[in-house]
Amino acid sequence: TGYVTLDIGYKNTGATKSAITFLDGEQGILKYRGYPIEELAEKSSFIEVAYLLIYGELPTAEQLKAFQYELSRHTLVHEDMKKFFDGFPSKSHPMGQLSSLVSALSAFYPESLKPSQTTEELNQSIIKMLAKMATVVSWIYKKSLGHPVIYPQNKYDYVTNFLYMTFGQRTEDVTIDPVVIDAMNKLLILHADHEQNCSASTVRIVGSSDSNIYASVSAGISALWGPLHGGANQAVIEMLEKIKEDGGDTDKWIAKAKDKNDPFRLMGFGHRVYKNFDPRAKIIKKACDDILEKLGINDEVLEIAKKLEEVALKDPYFVERKLYPNVDFYSGIIYRALGFPTDMFTVLFALGRLPGWIAQWKEMKENKEPIGRPRQIYVGATDREYADIASR
Ligand code: CMC
């Protein structure tokens with residue numbers, strides 16, 4: 001069977017050459033297409049970053065306008081999708097709903113199913129995927145409240161439209177607070193790509209069999225759901241709430257996280273690649289203080305989070321293992337300040353990560369990468385004789 005290198009969890013295996021995102025985990029550096037994340041988070045908008053990731057260059061004013069226009073033309077989702085969406089129990093987890101809905105888009109937009117698309121067809125698939133995702137995410141939120149969905153208003157840009165469909169009312173033309181729009185843009189930018197993480201690798205490997213964009217992204221959403229990946233943002237808030245209810249004794253919870261006989265881990269801490277500060281966490285921590293102040297919100301769990309970080313960063317267990325707060329440690333505190341319920345947090349991560357998944361999928365296709373198919377080292381039984389059921 002030839003020589004197989006074993007690397008369980010792909011800790012050291014490069015699966016592709018990529019020109020999208022640069023990550024130096026030792027130095028804590030993250031760049032999209034060569035632009036430092038700090039600068040993009042400060043100066044750019046989510047939709048501009050989406051363009052940058054997918055097409056490789058920052059758009060000119062004209063290109064951005066055309067991109068925004070194209071997106072706004074595809075924000076509506078086929079009405080028949082609602083019939084099956086209505087069947088989800090209202091309390092079912094938003095991530096399960098999202099992966100199913102995105103997969104179902106393939107049934108309503110079958111033109112994206114063609115394996116060898118022309119550049120224009122591929123581009124149309126990308127635009128539809130991006131445009132419809134925001135609409136579908138807002139549906140899921142509205143359902144959790146038992147409220148009717150709100151139709152998009154194409155005069156708004158992508159992020160404002162998403163916030164409008166999410167927090168808007170049917171009867172009025174609501175004004176979305178610019179602080180909320182800015183905060184949302186920043187969070188989505190910080191989540192937009194992170195090279196070959198679990199969900200991006202999933203999207204690439206599914207896409208490598210020539211699966212369509214909806215099927216590939218739906219698989220990425222499923223990968224993101226787990227608490228070791230995107231699901232950590234929900235797990236962090238649940239952990240902080242628990243610590244608060246328990247009296248806020250951070251030392252006790254740090255001790256639990258260090259105890260190898262206790263399955264508890266400090267959620268929002270540690271990273272496969274960062275062995276230094278996660279630059280996204282630094283930006284989000286600062287943004288957190290800023291946004292809560294601007295919105296006039298005082299969230300007790302923010303103090304608990306800061307105390308946990310302070311204690312952990314001085315503790316030899318965390319220091320030796322180079323465990324630092326990651327992107328998920330403070331993001332949930334902002335999401336809930338903006339008005340999102342805890343179980344929507346990972347869906348917001350998915351909305352942010354979508355341009356990254358699309359860019360990774362497109363790059364994989366353009367590079368004509370072969371089907372992804374890892375090998376194994378077989379350790380099971382060798383030859384055995386089948387025994388009739390009566391004699392087992
Ligand atoms: N709390 C306590 N100990 C930890 C933690 C933690 N959060 N993270 C890692 N460790 C320990 C781990 O027990 C191991 O110790 P030892 O060497 O004694 O066995 C050592 O640190 C190395 O950890 P690992 O699990 O081998 O590292 P990994 O690269 O396989 O896992 C991780 C990375 C992110 C899954 C892990 O750090 C973790 O479970 N963190 C908590 C969940 C989390 O916050 N996930 C979000 C990741 S960032 C955003 C994203 O990907 O979506």
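The values are calculated or read from the model by the stated rules, or taken from the named source; none is laboratory data. Every value quoted in this text rests on a predicted model; they were computed, and no experiment measured them. So basically every Cβ, Gly included, is an ideal-geometry build from the backbone, and we count neighbours across all protein chains shown.
Can you report the number of residues in the stretch 350-392 which are of a type outside the set (Ser, Thr, Tyr) and part of a helix (DSSP H, G or I)?
So the answer is 19.
Can Lys242 be described as assigned by TED's automatic domain parsing to the domain that holds Glu320, assigned to a helix (DSSP H, G or I) and touching a Pro at 6+ places or on another chain (Cβ under 9 Å)?
no
Regarding the stretch 292-302, can at least one residue be identified that is closer than 20 Å to Phe46 by Cβ and either modelled with pLDDT of 95 or more or not basic (Lys, Arg) (or both)?
Yes: the stretch 292-302 contains one or more residues that are closer than 20 Å to Phe46 by Cβ and either modelled with pLDDT of 95 or more or not basic (Lys, Arg) (or both).
I'd like the full set of residues that are near the ligand (Cβ under 9 Å from one of its atoms), in contact with a helix residue (DSSP H, G or I) (Cβ under 9 Å, 6 or more places away or on another chain) and not hydroxyl-bearing (Ser, Thr, Tyr), limited to the stretch 306-322.
The answer is Ala312, Phe318.
For a quick check of your reading: which helices (runs of 4 or more DSSP H) sit entirely within the stretch 12-90 and have at least 2 residues that are polar (S, T, N, Q) and in the same structural domain as Lys132 (by TED's automatic domain parsing)?
On the way: elements: 37-43, 46-55, 61-72, 80-85.
Those helices (runs of 4 or more DSSP H) span 61-72.
Being surrounded by 17 or more Cβ atoms within 10 Å (Cβ to Cβ) and of a type outside the set (A, V, I, L, M) is the filter; apply it to the stretch 232-247 and report the residue that is farthest from the ligand (Cβ to nearest atom).
Pass one, the stretch 232-247, residues surrounded by 17 or more Cβ atoms within 10 Å (Cβ to Cβ): 232-237, 239-240, 243.
Cutting the leftovers down to of a type outside the set (A, V, I, L, M) gives us 233-234.
Values: Asn233: 8, Gln234: 11 Å.
In this case the residue turns out to be Gln234.
Hey, Tyr69 hits all of (1) surrounded by 15 or more Cβ atoms within 10 Å (Cβ to Cβ); (2) free of Cβ contacts under 8 Å to residues at least 12 places away in the same chain; (3) among the aromatic types (Phe, Trp, Tyr) but one; which does it fall short on?
With (1) surrounded by 15 or more Cβ atoms within 10 Å (Cβ to Cβ); (2) free of Cβ contacts under 8 Å to residues at least 12 places away in the same chain; (3) among the aromatic types (Phe, Trp, Tyr) applied to Tyr69, the lone miss is (1).
For the stretch 248-339, which fully contained helices (runs of 4 or more DSSP H) count at least 1 residues that are out of contact with any strand residue (DSSP E or B) (no Cβ under 8 Å at 6 or more places or on another chain) and buried (at least 16 other Cβ atoms within 10 Å of the Cβ)?
It comes to 250-258, 279-295, 300-314, 328-338.
What number of residues in the stretch 293-311 are of a type in the set (D, E, K, R) and either under 11 Å from Ala337 (Cα atoms) or touching a residue at least 60 places away in the same chain (Cβ under 8 Å) (or both)?
Summing the residues that are of a type in the set (D, E, K, R) and either under 11 Å from Ala337 (Cα atoms) or touching a residue at least 60 places away in the same chain (Cβ under 8 Å) (or both) in the stretch 293-311 gives 3.
Among the residues of the stretch 56-112, which ones are more than 30 Å from Asp343 (Cβ to Cβ) and either aromatic (Phe, Trp, Tyr) or in contact with a strand residue (DSSP E or B) (Cβ under 9 Å, 6 or more places away or on another chain) (or both)?
If the condition is that a residue be more than 30 Å from Asp343 (Cβ to Cβ) and either aromatic (Phe, Trp, Tyr) or in contact with a strand residue (DSSP E or B) (Cβ under 9 Å, 6 or more places away or on another chain) (or both), then Leu58, Phe67, Tyr69 are the ones that fit.
Results for (1) within 19 Å of Ser112 (Cβ to Cβ); (2) within 11 Å of the ligand (Cβ to nearest atom); (3) outside any loop (DSSP other than H, G, I, E, B), shown as yes or no for each residue.
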| residue | (1), (2), (3) |
| --- | --- |
| Ala200 | no, yes, yes |
| Val203 | yes, no, yes |
| Tyr214 | yes, no, yes |
| Val217 | yes, no, yes |
| Ile221 | yes, no, yes |
| Leu224 | no, yes, yes |
| Pro227 | no, yes, no |
| Gly230 | no, yes, no |
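Within the bounds of the stretch 265-283, is there any residue that is more than 13 Å from the ligand (Cβ to nearest atom), under 26 Å from Ala183 (Cβ atoms) and touching a Leu at 6+ places or on another chain (Cβ under 8 Å)?
Looking for residues that are more than 13 Å from the ligand (Cβ to nearest atom), under 26 Å from Ala183 (Cβ atoms) and touching a Leu at 6+ places or on another chain (Cβ under 8 Å), one finds at least one in the stretch 265-283, hence yes.
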